[in-house]
Structures are given as C-alpha cells and as structure tokens.
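The values are calculated or read from the model by the stated rules, or taken from the named source; none is laboratory data. Not measured: the values here are computed from a predicted model. Cβ: placed from backbone, ideal geometry, glycine included. Neighbour counts: every protein chain shown. When the accessible area is computed, the model is the full protein with side chains, heavy atoms only, and any ligands, DNA or RNA have been set aside. Shrake-Rupley method; radii C 1.70, N 1.55, O 1.52, S 1.80 Å.
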Amino acid sequence: MGHPLKNTFLLEDEHRLTGPMAFNLMIKPAGSLCNLDCSYCYYLDKADIYGGRQPVMSIEMLETVIREYIRANDVPDVTFNWHGGEPLVVGLDFYRKAIDFQKKYADGKNIFNTLQTNGTLITEDFASFFHDNAFLIGISLDGPADIHDRFRKDKGGAPTFDKVIRGLEKLYRHGVEYNTMTTVNKASEGRGAEVYEFLKSSGSRYMQFMPVVEHVISRPGARPYIVPPMTEGAVLAPWSVSSSGFGRFMCDIFDSWILKDVGKYFVNLFDATLANMCGVLPGTCAYARTCGNNMVVEHNGDLYPCDHFVYPRYRLGNVREDSLRTVVESPEMFRFGSDKRNELPSRCLSCRYGLLCMGECPKHRFSLTDSGDAGLNALCEGYYSFFEHTEPYMKMMKELLDKGLPPAMVMQWAGNK
C-alpha cells in the first residue's frame with residue numbers, strides 16, 4: 001500500500017510558502033572535527049564526504065554565512081546555532097569575529113546565539129565570553145559517570161565525565177545560561193529517574209533527551225561506520241536503545257516530574273506533547289507535522305536540509321554560490337519537509353496518538369507495519385506507551401491552560417490520583 005498523503009498539498013503548505021521567511025540554520029564551523037570519539041556519534045564519519053580530512057570554516061566563509069543568514073530571514077529575531085563535531089575547536093577568536101560580523105549585518109534585527117558543546121574545552125575565557133555575549137550553551141551530558149563514560153570517550157579511549165563537569169562548573173561560576181542534551185542509549189535503559197535526578201543536581205533546568213538508534217557496518221581496524229539503515233550489510237548498533245526501553249525511560253522521568261517539578265524543570269518531549277495536544281507548534285522539530293526549517297551549513301558552505309541527512313544525495317547547494325533564501329525556498333527543500341507528513345504509513349494516520357507523535361524524526365522511520373507498509377518509526381512502541389501513560393495528565397494540563405490557569409496546578413491533582 002502506498003503512502004496515503006504522497007504528493008498531497010495542504011493549506012498549511014500554502015502558509016509555509018507565502019508567510020514571512022523564517023528558518024533556523026545549524027552552523028558547523030569545524031564540520032565533524034571533534035576532540036572526542038563517542039561511539040554513537042553520527043557526525044564523525046562525515047569527514048569522508050570531504051576526503052577524510054576536516055578543515056575548519058574560514059573567516060571569509062564565516063562572514064558570508066552570517067550575512068546571508070540574517071538577510072534571508074524576514075523575522076525580527078535571528079538565532080545562530082553553532083554545532084559540530086565540537087564547535088569550540090575553532091577557538092575563541094573565531095566567535096569574537098562572529099559577534100563582530102553579527103553586529104555589522106544585524107540591520108536592526110535581534111541576534112541570539114546558541115552553542116552545543118561536549119564541554120571538555122570550556123575555559124574561563126570561553127565562559128566569560130559566553131556570559132558577556134548572552135550565549136545559551138547546550139552541554140552534552142548523558143547522566144552519572146558510568147552511563148556518560150560508557151560511550152563518550154576521548155580519542156585515546158579515556159573517560160570524559162570529569163572534564164565535562166569541570167566545564168559545566170565554569171559556566172555556572174560565570175553565570176552562563178545552559179541546558180543539557182542527553183542521549184538515551186543502551187546504557188541508559190532502566191535508569192530514567194536516576195538520570196533525571198542527576199541532571200537536576202547538575203544545575204540543568206532545561207533537558208533534551210535524544211534517543212540513539214543507529215545502524216553500522218564493520219570496517220577492519222576502524223570504528224564501526226554509521227550508515228543509513230537501508231545500507232547493504234548494515235546492522236543495528238549495539239549502543240542503540242530499545243523501543244520499549246526508551247518508552248520506559250521517559251515514563252520514569254515523567255512520573256517524578258509530574259509530582260513535583262512542573263513549571264520548575266522542562267523536558268523537550270513533555271513540552272512538545274502538551275504543545276501538540278493544545279494545537280500549538282512544538283519547539284522540537286521531531287514532533288512537528290513537517291520539517292525542513294532547520295538547515296545545516298558545513299564548514300565549506302555546503303547546505304543540507306537537516307543535521308541527520310548530511311549525505312551527498314541531500315546536498316542542496318553552497319552558500320558561496322547559491323542564495324540562501326533561494327535554497328530554503330527550493331522545491332527540494334519543500335519536498336523534504338513535506339515528506340515527513342506525506343510519507344507516514346496509514347497506521348500512523350489512524351493512531352490515537354498520531355497528532356502527538358507526528359511520526360517523530362524521519363531518521364528513525366525504517367521499520368515496517370504489521371501490514372508491510374514502510375516508514376514506521378522504530379521507536380513506535382516506546383512512544384505509544386509514553387503517550388498512553390501520560391495522557392490523563394496532559395489532558396488535565398490542557399484543561400488548566402484553557403481556563404487560563406498554570407499547568408503546574410496538575411501536581412496537586414496528580415498527587416491525589
């Protein structure tokens with residue numbers, strides 16, 4: 001059976017095409033270059049696209065990217081998302097130049113910066129700079145030391161937990177705003193509540209949990225090569241979280257959060273679920289109906305539609321040669337975004353939680369439905385259990401919001417259940 005919405009054009013598509021231009025750009029100043037060797041990193045292998053080596057972004061390219069990105073957005077607020085690899089390997093002077101260029105080309109727009117880092121290279125100078133320039137920092141932290149160090153080691157195979165914590169402490173001392181990015185992998189299974197309490201103790205109030213489900217092929221004498229799931233010879237990576245394990249992990253965190261932390265601590269999946277239940281665009285693209293608003297620019301200016309789809313077949317152009325606005329408005333980019341919705345199997349369209357899940361990220365849609373339809377999310381079972389478990393509480397929070405009351409009032413109701 002074919003995808004029921006394939007090639008469908010909806011009213012929301014018209015809004016995407018005719019509304020003010022607004023999109024996010026994830027900037028990879030060092031491409032996949034990183035000082036760590038995390039087992040599950042899907043980006044380290046991207047160096048192969050560029051001949052096996054990974055030069056960093058030139059200052060000339062930096063200025064071009066900043067100028068074009070600001071000009072291409074029609075909205076008053078423009079956020080720069082610095083990512084990697086490890087974006088701090090380019091050094092502090094690089095970001096000082098970035099701030100200079102942002103001021104030069106702002107043209108009255110409000111400029112914001114976020115940066116995702118493994119935390120090991122944060123110095124006092126970096127922390128001071130982040131504070132003075134209001135950077136929001138994302139720290140990759142998987143949990144307590146034994147969980148974090150299971151798959152997050154440096155190039156010599158040494159653990160990294162202590163270095164990350166030292167970096168985080170520098171941010172705290174300098175008053176830098178930060179949140180945490182936590183992968184949910186095989187080492188995390190069964191320990192959701194423990195990981196949540198640890199992240200709270202680390203000072204994180206905004207937590208993003210990202211399930212790790214990757215496929216690899218073996219290479220003699222080298223780390224397993226992470227590939228698209230349909231690649232010949234690919235097998236599920238041993239660090240991948242199981243579907244049921246992911247669902248249980250998130251349910252365990254929710255059970256703690258709903259009793260004492262609503263309005264105090266924020267979890268991306270919880271926020272996105274409530275947003276979709278209320279008919280509001282979620283803040284995480286994985287749970288939106290369509291995608292395509294989070295483009296990636298590589299160190300050399302190459303453009304891709306998404307961080308998870310940096311493969312030659314998805315390359316859209318280069319910012320040095322192609323207008324960024326033209327690329328964003330291209331049929332290829334539009335199709336990529338709409339396919340998230342249009343290629344859902346019919347099972348998802350009839351699912352009671354389809355409007356909460358939205359099929360999640362397309363990178364995870366490599367399973368088959370019971371009827372043999374392609375495109376089912378590999379984490380479907382886990383997500384279904386999470387939505388089923390949290391449904392009564394999400395409905396109560398929606399009712400509170402509809403009445404103009406704070407959703408945190410759900411805690412008293414939850415405590416009496």
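Structure notes:
- Looking at the range 74-129, the accessible area is 42 square angstrom per residue; that uses a 1.4 Å probe and ignores ligands, DNA and RNA.
- Computed over the chain, the P(r) curve from all C-alpha pair distances, binned at 10 Å from the origin, holds 4, 21, 32, 30, 13, 1, 0 percent per bin.
- Qualifying trypsin sites (Lys or Arg not before Pro) in the range 192-269, where qualification requires a DSSP coil assignment and no more than 11 other C-beta atoms within 10 Å, comprise LYS264.
- Each of ARG53 and ALA222 was given a label point 7 Å from its Cα along the Cα-to-Cβ line. The distance between the two points is 1.6 nm.
- Annotation: per residue accessible area for the range 138-243 equals 45 Å², rounded to a whole number [probe 1.4 Å, protein chains only].
- Principal semi-axes of the equivalent ellipsoid, √(5λ) from the alpha carbon gyration tensor of the range 124-194, are 25, 14, 9 Å from largest down.
- One quarter of the convex hull surface built on the alpha carbon atoms of the range 233-335 amounts to 10.1 nm², the projected area averaged over directions.
- Take every Cα pair under 8 Å whose residues are at least 6 apart in sequence, average their separation, divide by the length of the chain, and the relative contact order is 17 percent.
- Computed on the range 249-371, with alpha-carbon pairs under 8 angstrom and 6+ residues apart, the relative contact order is 25 percent.
- Percent accessible area from carbon and sulfur atoms, the chain, protein chains only, probe 1.4 Å: 53 percent
- Accessible area (Å², 1.4 Å probe, nearest 10) - ASP107: 140 Å²
- Loop-located trypsin sites (Lys or Arg not before Pro) in the range 338-415 (DSSP state other than H, G, I, E, B) with a sparse environment of at most 16 neighbouring Cβ atoms within 10 Å: ARG352, LYS403.
- By the rule of a second cysteine Cβ within less than 4.7 angstrom, the chain holds isolated cysteines at CYS34, CYS251, CYS278, CYS285, CYS291, CYS306, CYS348, CYS351, CYS357, CYS361, CYS380.
- Expressed as a fraction of 2.2 N^0.38 Å, the value expected for a compact globular protein of N residues, the C-alpha radius of gyration of the range 138-280 is 1.15.
- Kyte-Doolittle at least -1.0, axis length at least 24 Å by Cα - qualifying DSSP helices, the chain: 243-260, 380-402
- With both residues required to sit in the chain, DSSP beta bridges show an antiparallel share near 30%.
- The distance between label points at GLU388 and ASN416 comes to 2.8 nm (points 7 Å beyond Cα on the Cα→Cβ vector).
- Taking every DSSP bridge with both residues inside the range 137-284, close to 35 percent are antiparallel.
- Seen from every direction in turn and averaged, the convex hull around the alpha carbons of the range 53-193 projects onto 10.2 nm².
- Additional length obtainable on full extension of the chain from LEU281 to ARG96, 0.36 nm per residue less Cα span: 63.2 nm
- Between LYS155 and THR369, the modelled labels are 4.8 nm apart [label points 7 Å from Cα along Cα→Cβ].
- Magnitude of the charge dipole, the chain, Cβ model with Lys/Arg +1 and Asp/Glu -1, debye to 20: 160 debye
- Taking the charge dipole of the chain about its Cα centre, with +1 at Lys and Arg Cβ atoms and -1 at Asp and Glu Cβ atoms, the residue from PRO55, LEU376, ILE165 reaching farthest to the positive side is ILE165.
- Annotation for the range 39-99: trypsin sites (Lys or Arg not before Pro) lying in DSSP loop with at most 11 further Cβ atoms inside 10 Å of their Cβ are ARG53.
- For the range 52-91, size of Cβ-based charge dipole, Lys and Arg +1, Asp and Glu -1, in debye: 140 debye
- Per residue Cα convex hull volume in Å³ - calculated over the range 313-417: 168 Å³
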